[in-house]
Amino acid sequence: MNDKQKQAMALGYKQDQDNAPKVLAKGKGYVAANLIENAVKNDVPIQEDASLVELLSQLNINEEIPEELYQVVAEVFSFIYRADQEI
């Protein structure tokens, strides 16, 4: 059995308001499952990246991601943009 609880993060970025993407929500276990369930219900694309979630889990809600994560988070947003275009 895996001792590690499932984790989930929600990121957001308002181009005209934010300097960088922010952590909008995060959680483990039941909270993570709820975040994922709500994303699925609302057709929000989901990308699984355990390493990135582990790094981002150290941030607080509404905290901007650090500059050293810009590239990898940009790739996530690119994935989301492409997924939205396919809908």
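Between ALA25, ALA39, ALA32, the distinction of being within 11 Å of ALA8 (Cα to Cα), touching a Pro at 6+ places or on another chain (Cβ under 9 Å) and open to solvent by less than 70 Å² (accessible area, probe 1.4 Å) belongs to ALA39 only. Selection within segment 60-87: residues that are in contact (Cβ under 8 Å) with a residue 40 or more places away in the chain and touching a helix residue (DSSP H, G or I) at 6+ places or on another chain (Cβ under 8 Å). The member of this set that is most open to solvent (accessible area, probe 1.4 Å) is VAL76. Looking across SER57, SER51, one residue alone is open to solvent by less than 50 Å² (accessible area, probe 1.4 Å), small (Gly, Ala, Ser) and at pLDDT below 95. It is SER57. Within segment 7-20, if we keep just the residues that are closer than 21 Å to ASP43 by Cβ and modelled with pLDDT of 90 or more, the residue that is least open to solvent (accessible area, probe 1.4 Å) turns out to be ALA8.
The values are calculated or read from the model by the stated rules, or taken from the named source; none is laboratory data. What you see is a predicted model, and the numbers here were worked out from it, not measured in a lab. Cβ coordinates were reconstructed from backbone atoms using ideal geometry, including for glycine residues, and neighbour counts include every protein chain displayed. The protein model used for the area step is the full one, side chains on, heavy atoms only, and it has no ligands, DNA or RNA in it. Shrake-Rupley method; radii C 1.70, N 1.55, O 1.52, S 1.80 Å.
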